[in-house]
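Notes follow the structure.
The values are calculated or read from the model by the stated rules, or taken from the named source; none is laboratory data. Computed from a predicted model, the values in this text were never measured in an experiment. Using ideal geometry, Cβ is built from the backbone for each residue, glycine included, and neighbour counts are taken over all protein chains shown. Keep in mind that these areas ignore ligands, DNA and RNA; they rest on the heavy atoms of the full protein, side chains included. Shrake-Rupley method; radii C 1.70, N 1.55, O 1.52, S 1.80 Å.
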Amino acid sequence: MTRIAYLNGRFAPISTPAVAVEDRGLQFAHGVYEVLKAIGGRLVDLDRHLDRLERSLAHARIPMPTSRAVLALLLEECVRRNRLAEALVYLQIDRGVAARNHVCPEEVRPTLFVTVRPARFPTPEERTRGVAVITLPDERWARCDIKSVSLLPNVLARSRAAEAGAREAWLVGADGVITEGSASNAWIVDAAGVLRTHPLGPRILGGVTREVVLELARARALPLEERAFTRAEALAAREAFLTSTTSLVLPVTRIDDRPVGDGLPGPVTRTLARAYAEHAGLAIATEE
Ligand SMILES: Cc1ncc(COP(=O)(O)O)c(C=O)c1O
């Protein structure tokens, strides 16, 4: 079936809509985005995604082009028109089209587009055996909390991970701390059995999945600290996993080619993976 995209007020087959060459998203990466999943037509954690979008827009000095309610309806309509049981929805809002100048005239209207594609969640094998990550220096900017379309360092890191046969790159700051992945948040169960992930702040993107998983862990009274961990602590961890809208809760069983714990997904990871799948309404929740 032809995928239907939305651009500035129009729905059309994905190959048709064209963004202008002087779009500030193209020329300055002056834009922000969200990736959501829809399961059975329902957008999972829509409000949390819209909250983050509004924060990103405010930081990027881009006006919200429509009301939040209309945007929600638009996203739902995009999902409906693409008739997919499990879909990934990409929404981008950028500063719009203007003659190239770093300063944007006030009156310029933002560009808004949405694309939808079939979701490809981790395979049963990835979920039962876990995936590998490599560590790389975190070469990004100082405001990683903004979900900006400026993703060159993330793209380069993820490409290096793929070349190394790994699923993700975990990014290490100059202080030795693992901040997050190129497109996911990073977690360990440390040597003392405490679940840990980097605290919110400018060094990481506050993942929607991260937020939900923290709530699920708290509801289960798991020992938990939002406290950064180093590469050395990750290598000594009992368990590790990553979270994102598309990867869900995905066990990490190798870091830089060394096994994590006994090299298999651990009990905390499996508990949270199941709880998150249930939260999202995914069929895999009942398989496991
Ligand atoms: C840098 C980065 N960190 C974390 C995440 C996870 O965020 P979410 O759980 O909202 O998908 C993403 C998602 O794309 C990301 O790009």
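Ranking Ala277, Val108, Leu216 by how far each Cα lies toward the positive end of the dipole of the chain (charges on Cβ) leaves Val108 at the top. Based on the alpha-carbon gyration tensor of the stretch 124-287 and its eigenvalue square roots a ≥ b ≥ c, which shape applies: rounded if a/c is under 1.5, prolate if not and a/b is larger than b/c, or oblate? Judged from the Cα gyration tensor, the stretch 124-287 comes out rounded (a/c under 1.5).
Shown here for the stretch 5-62: GluC sites (Glu not before Pro) in loop regions (DSSP other than H, G, I, E, B) with at most 14 other Cβ atoms within 10 Å, namely Glu22. The Kirkwood hydrodynamic radius of the stretch 1-154, based on inverse pair distances between different Cα atoms, is 16.9 Å. The largest accessible area among Tyr6, Tyr276 belongs to the first residue in Tyr6, Tyr276, and the rest follow in falling order (1.4 Å probe, all chains).
What fraction of the Cα pairs in the stretch 93-178, stated in percent, has a spacing above 19 angstrom? Before the final figure, lay out the partial values.
On the way: 2258 of 3655 pairs.
Every Cα pair in the stretch 93-178 considered, those over 19 Å come to 62 percent.
At a 1.4 Å probe, what is the % contribution of carbon and sulfur to the accessible area of the chain?
Working: 7300 of 13650 Å².
The C+S portion of the solvent-accessible surface of the chain is 53 percent.
What net charge is computed for the residues neighbouring Val89, neighbours being all others with C-beta under 9 Å from the C-beta of Val89, Lys and Arg scored +1, Asp and Glu -1?
Working: positive: Lys37, Arg117; negative: Glu34.
Value of the local net charge: +1.
Spherically averaged projected area of the convex hull of Cα atoms, the stretch 233-273: 2.8 nm². Here the stretch 4-118 is treated with +1 on each Lys and Arg Cβ and -1 on each Asp and Glu Cβ, and its dipole about the Cα centre works out to around 200 debye.
Nearest 0.05, what FRET efficiency do Arg68 and Ala191 give at R0 = 51 Å with Cβ-Cβ as r? The formula returns an efficiency of 0.70 here. Over the C-alpha trace of the chain, radius of gyration and Dmax come out as 19.3, 58 angstrom.
Hey, what angle do you get for helix 267-280 against the long axis of the chain, alpha-carbon based, 0 to 90 degrees rounded to 10? The answer is roughly 30 degrees. Distance between the pseudo-spin-label points of Arg218 and Gln27 (7 Å out from Cα toward the beta carbon): 4.5 nm. Taking the C-alpha atoms only, the angle from helix 208-219 to the longest principal axis of the chain is near 40 degrees. Placing unit charges on each Cβ (+1 for Lys and Arg, -1 for Asp and Glu) gives the stretch 4-118 a dipole about its Cα centre, and among Ala60, Thr16, His49 the Cα reaching farthest toward its positive end belongs to Thr16. The label-point distance for Thr271 and Arg109, in a model that sets each label 7 Å from Cα toward Cβ, rounds to 5.2 nm. Other residues whose C-beta falls under 10 angstrom from the C-beta of Tyr6 contribute a net charge of +1, scoring Lys and Arg +1 and Asp and Glu -1. Placing +1 on the Cβ of every Lys and Arg and -1 on the Cβ of every Asp and Glu, with no other charges, gives the stretch 76-235 a dipole of roughly 400 debye about its Cα centre.
Taking the Cβ of Pro63 as the center, what net charge do the other residues with Cβ under 15 Å away carry, scoring Lys and Arg +1 and Asp and Glu -1? Please report the intermediate quantities before stating the final value.
Details: positive: Arg24, Arg55, Arg61, Arg68, Arg95, Arg109; negative: Glu54, Asp94, Glu106, Glu107.
Charge balance near Pro63 sits at +2.
With a ≥ b ≥ c the root eigenvalues of the C-alpha gyration tensor of the stretch 1-66, is it rounded (a/c under 1.5), prolate (a/b larger than b/c) or oblate? It comes out oblate by the Cα gyration axes. With a 1.4 Å probe and all protein chains left in place, how much accessible area per residue does the stretch 168-275 have, in Å²? Roughly 36 Å² per residue, with all protein chains present.
Between the alpha-carbon centres of the stretch 187-253 and the stretch 21-56 there is a gap of 23 Å. Measure nothing fancy, just the Cα-based angle from helix 46-59's long axis to the longest principal axis of the chain, in degrees from 0 to 90, nearest 10. For helix 46-59, the angle is close to 70 degrees. The charge dipole of the chain, taken about the Cα centre with unit charges on the Cβ atoms of Lys, Arg (+1) and Asp, Glu (-1), comes to about 500 debye, rounded to the nearest 20. Here the Karplus relation 6.51 cos²θ - 1.76 cosθ + 1.60, evaluated at θ = phi - 60°, turns the backbone of the stretch 128-138 into coupling constants of 8, 9, x, 10, 9, 10, 10, 9, 9, x, 7 Hz, with x for every Gly and Pro.
Out of the stretch 1-97, which trypsin sites (Lys or Arg not before Pro) are coil in DSSP terms and have no more than 14 other C-beta atoms within 10 Å?
Passing both the DSSP loop test and the Cβ count: Arg61, Arg83.
Per residue of the chain, what 222 nm ellipticity follows from adding -39500 (n - 2.57) for every DSSP H run with n ≥ 4, rounded to the nearest 500? Please list the in-between numbers first.
On the way: 9 runs with 87 residues, N = 288.
Taken over the chain, the calculation gives -9000 deg cm²/dmol.
The antiparallel fraction among DSSP beta bridges confined to the stretch 72-181 stands at about 65%.
Heavy-atom accessible area per residue, the stretch 1-132, 1.4 Å probe: how many Å²? All intermediate terms of the calculation are to be shown ahead of the outcome.
Numbers: 7020 Å² over 132 residues.
I get 53 Å² per residue for the stretch 1-132.
Per-residue surface analysis assigns Ser159 an accessible area of about 50 Å², computed on protein heavy atoms at 1.4 Å probe radius.
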